[in-house]
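Some notes on the structure that comes next.
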Amino acid sequence: MKTNESWNNRRGLMQTLAAIVTMSAFLFFVVAPLAHADERDKCRQRIEKAEARLNDAVAKHGAKSPEARDRWHELRSDREHCWNAYHQWWDGRDQKWHTEPNWNHDDRWPD
């Protein structure tokens, strides 16, 4: 009788362990990529806002103004942040992610 009870306890433990492994795999393969995508989308939004602030500064003060230069540095900083986190950066003008760190070659704004 003790053998059957011990076997049932082990079987229950194995079922519990299998359930934990299954849930862990689900979290790793499904939830983690979604969280990564959400974070990357936040990067895109931050870059789009920085581009809008730069466009506003250029429209109000001119492309060579100190305000525009400050906004340009902020935009490059945001792009660099995304690059460091995801090895991609968003270009709002082209509406796409770039996989090369060449955001300093934007012909719209002075270096």
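Read-outs throughout are calculated quantities, based only on the coordinates presented, and are distinct from any laboratory measurement. Source: prediction; values computed, not measured. Here the Cβ is made from the backbone with ideal geometry for all residues, glycine too, and neighbour counts use every protein chain on show.
Between Leu17 and Gln95, the C-beta separation translates, for a Förster distance of 35 Å, into a calculated FRET efficiency of about 0.15. Taking label points 7 Å from Cα along the Cα-to-Cβ direction, Lys64 and His81 give a separation of 3.1 nm.
When the charge dipole of the range 53-99 is built from unit charges on Cβ atoms (+1 for Lys and Arg, -1 for Asp and Glu) and taken about the Cα centre, the candidate among His61, Tyr86, Trp97 whose Cα reaches farthest toward its positive end is His61.
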